[in-house]
Amino acid sequence: MLENQQKLIHTFGALADLGQEVAHKQNFQEMIRTSLHLVLGSLAIMRGGVARYSRFGHELNMLVMRGLGDNFPLSLSLCYEDERQFLANGLAPIEVKHAQVLPFVQIYDRSFESKKIELVIPLIIRDELVGVIFLGEKATGEPFTGYDKDIICAMARHIGVGIAQRNLMAELERRAEENRHLYEDLRTTYKDTVKAFAAAIDCKDKYTEGHSERVGKYTEIIAGELGWDNDHVEGAAIAGYLHDVGKLVVDRNIINSPTRITASENAQLSKHPTVGYEILLPIHHPYADVPLAAKYHHERLDGRGYPDGLHDREIPFIAKIVNLADSFDAMTTDRPYKRRRKSEEVIEDMHRNSGKQFAPELVTAFCRAMLKELTNERKEKRFRKILGKDYLEADKIVPLLKNVLNARNATSPLTFVAAE
Amino acid sequence: MSPEIHIPVRIEGETATIFAGDYINKLSGERIERECQRQINAGCKTLIVNFSETELVNSIGVSILLGVIDVAANAGAKIVFSDINENTIELFDTLGLTNHVEVLPN
Ligand SMILES: [Fe+2]
C-alpha cells in the first residue's frame, strides 16, 4: 500500500512536527509559514498557499504562499454558494479539475491553471470555514493518491485548528477591548455624575461655591503624594467631591447664614455627614470608601469631632484625608462671617493641629506636595490653580513648610493623640 | 526573529556552490532560497547544493529545496545536488526531487 518505509517516516515526521508547531508556536505567522513548509515538504508538492477566511468580507486572504509568484491573487472572494459547498464537502481535498461548479474556481480558474493548482482543501473546523489550502502538483508529476490525501487531510486539520484558535484569540481580544471601552465609558459617566452632584451641593451654598470640587482636588493631591496608584487616587478624589452630599437636605438658610448659626441650626447642620452616608451607601461605587469619607469627614483625631466622636484609629483613613482637605479649603476661602486667612497662618494652623485634628502623616504629605510645587520640583501648579497665583508666596511659605516637614521627621510618632 | 545565519557559498566562474548544512531543515533555511536568487541575479548559471554537512533532510528541508528548484527553473539556471548520502538520495528519488535536478555521485 505504501511506497516505502523511508517516505513513511518522512511524512509522519512532518505530521508530528506540524502538531507541535500548532500547539506550541506563539507567533501565528511563523506557525503558518512552517506549516506550509511541512505540508509541501512531506509529499514534495511544488507550490501552495494557505488562506484565512474572513466571514465579514467573504474573502480568502492569503497568509502564506510558496512558488505561486507575484500574480496569484492575495485575496479571493467567495460567494454564498462556495461557502455552502465547502461546508457540505467538509475538511477534505477537492480536485480543482472536478470542481468547476464552484463559482470561485470559475472566477480564479486562470490563476489556478497557470500555477497548476490541483487541490483545494477547505479548512472546516467545528462546522465553520476558517480557511483554505491550495496545493500545486507533486514533484513526481504523479496524481495525488488516496494516501497522500489522507496525510494532507490530517495536516490541514492541524492548520485549521491553528487558524480557529487564532480567530478565537482575536475575538477574545476584541471583546476584552470592547469591555475596556465600556468600562472607561462607565467610569467617565460616573465621574461626570459625581461632578454634577458636587456642583449641585455647592449650588446650595453661595459663599462656598466650588468647595466640593476643591476638596476633591486637595484629596487627590494628598492621595497622590502618599504614592497611591491611579485608581485609588481617583477614588479618593471622588470621596472628596461627594463628602458634603448630605448638605443637600440641610436648609439653604442655615448653610448660607451670614452670621454664626444657632445651636439648633448647628444640630441640623451636624447631621449632614450621616445623611451623606445614607445617600451614598446604596450607590454602587467603584471605590468602597466613598460613603465612609462622607460620614466621618468631621471627626478629629482627638475625639472631639462629630458625628461619633471617634478617635484616631477608629477614623477611616480616607475620612482623615478629606477632613484635612475640607479644613484647608475652609481656611483658604472667604466664609460668610470671615475672610480667608493668610497662607502662613493656614500652614501654622495645620502644623499646630497636627496630631489633634489632623493625621500628622497627612499634614506632612500635603505640605510636601505644596513644597514641591513652590520649589518647582513639580511643574504642574495645582495649588496655584485653585488658590490664585498670589496667595502662596514662596519666600514666606517655603521655610514654614520645611519647618513642618523637619518637625515631623525628627521626633514625632506617626500619630499623636492629644490628651483631653 | 530568527538569528542571522551565514550561508557558506563558494563561487567559481558561473557556478555557485551552496552548502545546505543543517539549517536547511529549519525556517531559517529560507535564506538559502534568497541566496540562490542573489547568485542567479549576479549571473550564476549553475547552482550546486552541497549536502556534505547534511545528515538528513526533513520536510522543511524538502520544501526549501523545492523553493530552490523553483528559483532556478524561473531563471533557466541549472541545479545540481552533490555529496548526498544514500538515505537522502533514496528519499529524493521517492519524492520526485531528482526529476528536477542533476545529482552528482559522491
Ligand atoms: Fe462637611
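Placing a label point 7 Å from the Cα of A:Ala394 along the Cα-to-Cβ direction, the residues of region A:368-387 whose backbone N falls under 15 Å of that point are A:370-385.
Looking only at other chains, what is the average number of their beta-carbon atoms within 10 angstrom of each beta-carbon in A:4-16?
On the way: counts 4, 0, 7, 5, 1, 3, 8, 2, 0, 3, 5, 1, 0.
The mean count of partner-chain Cβ atoms within 10 Å per residue comes to 3.
For A:Glu81 and A:Arg378, compute 0.36 nm times the residue count separating them, minus their Cα-Cα distance, and round to one decimal in nm.
On the way: separation 297, 0.36 × 297 = 106.92 nm, distance 6.62 nm.
Gain on stretching A:Glu81 to A:Arg378: 100.3 nm.
Between B:Arg34 and A:Glu142, the simple spin-label model (points 7 angstrom out along Cα→Cβ) gives 3.6 nm. Rounded to the nearest 5, the antiparallel percentage of DSSP beta bridges internal to the protein assembly as shown is 70%. With each label modelled as a point 7 angstrom along the Cα→C-beta vector, the A:Ser111-B:Asn99 pair spans 2.6 nm.
Ellipsoid fit via the Cα gyration tensor, region A:204-408: semi-axes of 26, 20, 16 Å, each the root of five times an eigenvalue, largest first.
With Cα atoms as the point set, the radius of gyration and Dmax of region A:132-193 evaluate to 22.9, 74 Å. Between A:Asp349 and A:Glu30, residue separation times 0.36 nm minus the direct Cα-Cα distance comes to 108.1 nm. Under 20 Å of direct C-alpha separation, and excluding same-chain neighbours fewer than eight residues apart, A:Lys97 reaches these aspartates and glutamates: A:Glu81, A:Asp82, A:Glu83, A:Asp109, A:Glu113, A:Glu118, A:Glu137, A:Glu142, A:Asp148, A:Asp150. Of the trypsin sites (Lys or Arg not before Pro) found in region A:305-388, the ones in coil according to DSSP and having at most 12 other Cβ atoms within 10 Å of their Cβ are A:Lys338, A:Arg339, A:Lys379. Near the amide H of A:Gly131, within less than 5 Å, lie the amide hydrogens of A:Tyr53, A:Leu123, all on another chain or at least 5 residues away, with H placed in the peptide plane.
Shape class of region A:20-71 from the alpha-carbon gyration tensor: oblate, with a/c at 1.5 or above and b/c at least as large as a/b. The calculated FRET efficiency for A:Glu178 paired with A:Leu8, based on their beta-carbon distance and R0 = 41 Å, is about 0.25. Taking the three principal axes of the alpha carbon atoms in region A:211-310, the coordinate ranges are 43, 30, 25 Å, sorted in descending order. Ordered by solvent-accessible area of protein heavy atoms (1.4 Å probe), largest first, the residues B:Ile64, A:Ile386 come out as A:Ile386, B:Ile64. Taken along the Cα-to-beta-carbon direction at a fixed 7 Å, the label points for A:Lys338 and A:Arg304 span 1.4 nm. Here A:Ala92 and B:Glu12 are evaluated by their C-beta separation; at R0 = 51 Å the FRET efficiency comes out at 0.55.
A Förster radius of 51 Å, combined with the Cβ-Cβ distance separating B:Asp22 from A:Lys271, puts the computed FRET efficiency at roughly 0.05. Remark: mean inter-chain Cβ contacts per residue of B:52-62 equal 5, using a 10 Å Cβ-Cβ cutoff to other protein chain atoms.
Legend: mean number of C-beta atoms from other chains within 10 angstrom of residue C-beta atoms, peptide A:342-352, equals 0.
Between A:Asp150 and A:Asp185, what length comes free when the chain is fully extended (0.36 nm per residue of separation minus the Cα-Cα distance, one decimal in nm)?
Extra length available between A:Asp150 and A:Asp185 comes to 7.4 nm.
Under a model in which nothing but the beta-carbon of Lys, Arg (+1) and Asp, Glu (-1) is charged, region A:204-408 shows a dipole of about 680 debye around its Cα centre.
The Stokes-Einstein estimate for region B:8-51, based on a Kirkwood radius over Cα pairs and taken at 4 °C with 1.567 mPa s viscosity, is a diffusion coefficient of 124 µm²/s. Computed from the Cα positions only, the extents of region B:24-104 along the three principal axes stand at 33, 25, 20 Å, in decreasing order. Phi angles of region B:16-29 translate, via the Karplus equation with coefficients 6.51, -1.76, 1.60 and θ = phi - 60°, into HN-Hα couplings of 10, 9, 10, 8, 6, x, 9, 5, 4, 8, 10, 4, 5, x Hz per residue; Gly and Pro are given as x. Altogether, the Stokes-Einstein calculation at 25 °C and 0.890 mPa s, with the Kirkwood radius of chain A over Cα pairs as Rh, returns a diffusion coefficient of 90 µm²/s.
Contact order, relative form, for chain A: 10 percent (alpha carbon pairs under 8 Å, 6 or more residues apart, mean separation divided by residue count). Can you bin region A:2-174 into rounded, prolate or oblate? Criterion: square roots of the alpha carbon gyration tensor eigenvalues sorted a ≥ b ≥ c, rounded for a/c under 1.5, prolate for a/b above b/c, oblate for the rest. In terms of gyration-tensor shape, oblate.
Could you work out the local net charge near B:Ile79, counting Lys and Arg as +1, Asp and Glu as -1, over the other residues with Cβ closer than 14 Å to its Cβ? That works out to -3.
The values are calculated or read from the model by the stated rules, or taken from the named source; none is laboratory data. Not measured: the values here are computed from a predicted model. Positions of Cβ are backbone-derived with ideal geometry, glycine not excepted, and every protein chain shown enters the neighbour counts. In case anyone asks, the SASA skips ligands and DNA or RNA and just uses the protein heavy atoms, side chains included. Shrake-Rupley method; radii C 1.70, N 1.55, O 1.52, S 1.80 Å.
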